[in-house]
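We did not get these values from a lab; they are worked out from the coordinates using the rules stated. The structure displayed is predicted, hence computed values, not measured ones. Every residue, glycine as well, gets a Cβ built from its backbone with ideal geometry; the counts of neighbours run over all protein chains shown.
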Amino acid sequence: MPHLLSAHDLPLAPMLERIRQYREGTTPRQGRGTIALLFYEPSTRTRGAFEQACVMLGYHPLVLTPSISSIVKGESLADTVRTLCAQGVRAIVIRHPHAGAAHTASRFSTVPILNAGDGAHEHPTQALLDIYTLWSHRGYPNPHTRWLEGVKVAIVGDVKHSRVARSNAILLTQAGAEVWLCAPPTLLPDAPLPGVQQTHSIEQALQNAHVVMALRLQTERMESGFLPSLNAYRRDYQITEARLQVAHPDCVVMHPGPIQRGVEIEDAVADGSRSLILTQVQVGLTVRAVCLEYALEN
Amino acid sequence: MDYLLANGRVLDPSQNRDEVAHLVIRGGRIAEITPILPSDPSLKRIDCDGLWVAPGLVDIHVHLREPGQSYKETLQTGGAAALAGGFTTICCMPNTEPPLDSPTLVREIRQRAERETPCRVYVVAALTQGMAGEQLCDYHALKQAGAIACSDDAFPVQNAEVMRRAMLACAAYGLPVVTHCEDKSLSAGGSMHRGVVSSLLGLQGIPASSETVQIARNALLAWETGCQLHLQHLSTAVGVALVRFFKAQGVRLTCEVCPHHLLLTDSACEGYDTNAKMNPPLRTESDRRALSEGLIEGVIDCIATDHAPHAPFEKERTFPDAPFGIVGLETAFGCIGLWNHQQGTPLSPLEWIRLMSTAPAQILNLTAGTLQVGAPADVVVLDPHARWIVNPDEFRSKGRNTPFRGWELIGKVRYTFVGGECVYSAAG
C-alpha cells in the first residue's frame with residue numbers, strides 16, 4: 001500500500017515533473033469515488049488545497065473534523081479509519097496533533113493514508129510544495145541530479161515543534177542542499193537531526209544562505225516557558241532586510257504560513273521581491289493532486 | 001501427588017548447588033535431592049534429562065490490575081501468565097483502582113489471590129495515600145495486613161520531604177521502600193526516551209536525567225534515614241553508575257533491570273509501535289550496554305519484568321495517547337536466555353537462576369527462591385536451550401502488548417510446581 005506518511009515516501013524527481021506538467025496545462029485523468037479528509041486540527045491552506053485537488057481529480061472530498069463527526073462521541077482514530085474504509089473511501093488524508101498519527105492510521109487502513117501533518121513529526125506535502133517552488137524558481141534544473149548542490153538553506157524558527165522543518169530537511173538534503181536549522185536554544189531539536197546543521201546563531205545560519213524559510217512561532221511557546229518574551233524572539237530571530245545583508249545577494253525567502261506578520265518575519269521581507277510566499281500557496285493545489293494521484297495509482 | 005524429577009541439572013543458588021541429581025517432592029515439600037535414583041513406585045516420575053530443575057522464579061514487579069481494571073488483567077489471568085513463565089511467586093503493584101493504600105485492600109487482594117490463582121501473590125502497598133505523593137500511609141497497619149513493601153510505582157513521590165518522612169517511617173516498621181525513579185517536571189508530556197530518535201519522530205522525550213535525578217535523591221534520603229531502598233527497572237547508564245557509587249558508600253540499596261531494557265533500544269519506537277512504549281522508556285545502545293555490564297558485574301541485583309498488561313484498544317491509540325507498559329511474565333526467561341546468548345553467556349546457570357529467583361526473594365524478604373529440603377516445593381523445570389517463537393495470541397495473560405512478537409527466544413519453561421502441585425506444563 002503506497003501510504004504517504006513521510007517525505008521519505010515521495011519519489012521526488014517524477015513528482016516534480018508531474019506537478020510541472022499539470023501546472024503547464026496537462027489535464028489529469030479523472031477518477032471516481034470519495035476521498036476522506038480527516039482533520040483533527042484546524043487548517044486553511046492544506047485542507048483547502050486537498051479539497052480542491054480531490055475535485056480536480058474527479059473525487060468527492062468528504063471532510064471530517066472532530067466537531068462534525070463521531071470523534072466528538074469518543075470514537076478512536078483506529079475505529080474512525082476502519083469505518084471510513086468500510087464505507088469505501090479510496091484514500092484518507094489525515095491531519096492530527098499527535099506525531100505518528102498517520103502511521104497509526106495506516107495500521108488499520110485498507111486504503112492509502114496521506115499524512116497532512118502529524119504533530120511535530122512531518123508534513124510531507126508541504127515540503128514537496130516548498131521544494132517545487134524552489135525548483136521552478138531556479139528554472140527547472142534536471143530533477144534527477146543533486147540540483148540543490150552548493151545551495152544553503154536556512155530554516156529559522158520553532159524547529160523543535162515543526163513538522164515542516166523535518167519534512168523539508170529530508171527533501172532538501174535529498175536534492176543536495178546544505179540545510180541549517182536555526183532556533184533559540186530551547187526550540188532546537190533535543191538531538192541534532194542527521195545530515196543537517198543546527199545552530200542558535202541567526203548570523204551563522206543566514207551567512208551566504210540562498211534560501212531562508214521562516215517558521216511560524218506559536219505564542220503558546222512563551223506561556224509554556226520556552227521563551228522569555230515575544231520581543232526577545234523578534235529581536236534575535238525575526239527575518240529582516242537588515243539581517244539578510246549577510247545572506248547571498250539572490251537569497252529568497254519562504255514561509256509555510258500562516259504568517260504572523262511582525263513576529264517571525266517583517267512585512268518588508270514577506271511582501272518584498274525576495275519573497276516566494278505567494279508562489280508557495282499557488283502550487284499547493286497541484287502538489288496535493290499529484291500526491292493523491294500517486295497514492296491512488298500505485 | 002508426589003513427584004520424582006529425575007536426572008535434571010539441579011540448580012539452587014541459595015545453597016550454591018549445581019549438580020545432576022534427582023529431586024523428590026513429597027507432601028508438597030522438597031523431600032530430598034539425591035544422586036541415587038529413588039525406586040519408590042508411588043512417585044510420579046518426570047524425566048529431566050538435559051533440563052534444569054530450579055527454585056520457582058520470583059518477579060517482584062508485576063501489575064495484576066485488580067481491583068478496578070480487570071479488563072486488562074485479573075489475579076487469575078496474571079497468575080496463570082506467571083506460572084507459564086516459570087514464576088511461582090510474584091509481587092503485585094498498588095497502582096490499581098482504587099490504589100492498594102489500605103490494610104483492607106491489601107488483605108482482600110491477598111485472600112482473593114489465594115483462592116483465584118495457585119501462584120503465590122504478595123502485595124506491595126502504596127507509599128502515600130491514593131498514591132498522591134502527599135500524605136503517608138499507615139505503614140504499621142499495612143505491614144500487619146501482609147504488605148511486604150511500599151511503593152507509589154509509576155506515580156513517584158515528587159516532594160523530597162514527603163519521601164524522607166515515608167522512608168523514616170517505613171524503616172521503623174521494617175518495610176522496604178520500592179521506587180520508580182522519575183522526576184515528573186523533567187518527563188512531563190514525554191512518551192519515549194529523549195534523544196536522536198525522539199527528535200526524528202517529533203515525539204516529546206523523557207530525558208535520562210528524569211530517572212537519575214530521583215535515583216540520586218532517593219539514595220541520599222535512604223542513606224540519611226537508614227531505610228531499605230529498592231530501585232525499580234533501571235534504564236540509564238548514569239543510573240548504574242549512581243547505584244555503584246551509593247552501594248560503595250554502604251547505602252542499603254538494591255535495584256532491578258527488566259528484560260526489555262537489556263534487549264531493546266529507543267530505535268524500537270521507529271514506526272510508532274506502541275508496544276515499544278513503556279516507562280522508563282527504552283534508551284540508547286550505550287545505556288543498554290551499561291545495564292548489561294551492570295547485571296554481569298553485580299551492581300544490578302535482580303531481574304524483574306514490570307509486567308504491565310493493557311487492552312488492545314488502549315495500545316491502538318496514537319503513540320502519545322497510548323498507555324505505558326508491556327507484558328513480560330511469559331517471555332522473561334526466554335528473553336534473558338537470548339540476552340545471555342548474545343552476550344557470550346556471561347551468566348552461569350546458577351547466576352541466571354539467582355537473578356530471577358533467589359535474589360529478588362531475598363531483596364523483599366520472601367520465603368521463596370530455594371530448594372532447601374523441607375521448603376515448600378515451588379519448583380520450575382526449564383529447558384535452557386529450547387528456541388521458540390513468541391506468539392502473543394497464545395499468552396495466558398489478557399495482555400498482548402509485547403514488542404517481542406515473532407522473536408525467537410532461548411529458554412522455555414517445561415513444568416511449574418507450586419507447593420508440590422504441578423500447576424503448569426508446556427505439554428498442555
Legend entry - FRET efficiency, 1/(1 + (r/R0)^6) with R0 30 Å, evaluated for A:Arg138 and A:Thr110 via beta carbons: 0.15
Inset, instruction - Enter the mean number of other protein chain beta carbons within 10 Å of the beta carbon of each residue in B:201-210, as an integer. - result: 4
Inset, instruction - Pop the C-beta distance of A:Ser229 and A:Ile259 into the FRET formula with R0 = 30 Å and round what comes out to the nearest 0.05. - result: 0.90
Legend entry - Using distinct alpha-carbon pairs, which all enter the 1/r mean, Kirkwood radius of the stretch A:101-185 in Å: 14.0 Å
Legend entry - Across B:Lys247/B:Lys398; B:Lys315/B:Lys412; A:Lys73/A:Lys160; B:Lys44/B:Lys72; A:Lys160/B:Lys398, pairs whose alpha-carbon gap is larger than 29 Å: B:Lys247/B:Lys398; A:Lys73/A:Lys160; B:Lys44/B:Lys72; A:Lys160/B:Lys398
Inset, instruction - Could you work out which residue, out of B:Pro41, B:Pro376, B:Pro349, moves most in a Gaussian network model of chain B, that is, has the largest mean-square fluctuation with Cα springs under 10 Å? - result: B:Pro41
Inset, instruction - Partner chain Cβ atoms within 10 Å, averaged over the residues of A:91-98 - can you pull that number for me? - result: 2
Legend entry - Kirkwood Rh (inverse of mean 1/r, distinct Cα pairs), the stretch B:56-363, angstrom: 19.2 Å
Inset, instruction - Calculate the tail of P(r) for the stretch A:39-162: the fraction of all Cα-Cα distances greater than 25 Å, expressed in %. - result: 35 percent
Inset, instruction - Enter the mean projected area of the convex hull around the alpha-carbon atoms of the stretch B:58-212, in nm², rounded to one decimal. - result: 10.1 nm²
Inset, instruction - Based on alpha-carbon positions alone, could you give the equivalent ellipsoid semi-axes of the stretch B:156-248 from the gyration tensor, as √(5λ), descending, whole Å? - result: 28, 14, 9
Inset, instruction - Take every residue in peptide A:104-112, count the Cβ atoms of other chains within 10 Å of its Cβ, and give the average of those counts. - result: 2
Legend entry - A:Met222-A:Asp271 pseudo-label distance in nm [points 7 Å out on the Cα-to-Cβ vector]: 2.3 nm
Legend entry - Among A:73-79, A:183-189, A:220-226, the order from most to least packed when residues are scored by Cβ within 10 Å on average: A:183-189, A:73-79, A:220-226
Legend entry - Burial order of peptide ranges A:278-287, B:73-82 (average beta-carbon count within 10 Å, highest first): B:73-82, A:278-287
Inset, instruction - Note down the relative contact order for the stretch A:124-280 as a percent, whole number, built from C-alpha pairs under 8 angstrom at least six residues apart. - result: 23 percent
Inset, instruction - Two decimals is fine: what is log10 I(q)/I(0) at q = 0.07, 0.10 Å⁻¹ for chain A, from a Debye sum with one equal scatterer on every Cα and no solvent? - result: -0.26, -0.53
Legend entry - Radius of gyration, Dmax [the stretch A:124-280; alpha carbons; angstrom]: 14.5, 46
Inset, instruction - State, to one decimal in nm, how far the label point of A:His248 lies from the label point of A:Glu149, with both points 7 Å from Cα in the Cβ direction. - result: 1.4 nm
Inset, instruction - Provide Rg over Rh for the protein assembly as shown; use the alpha carbon set for both Rg and the Kirkwood Rh (inverse mean inverse pair distance). - result: 1.05
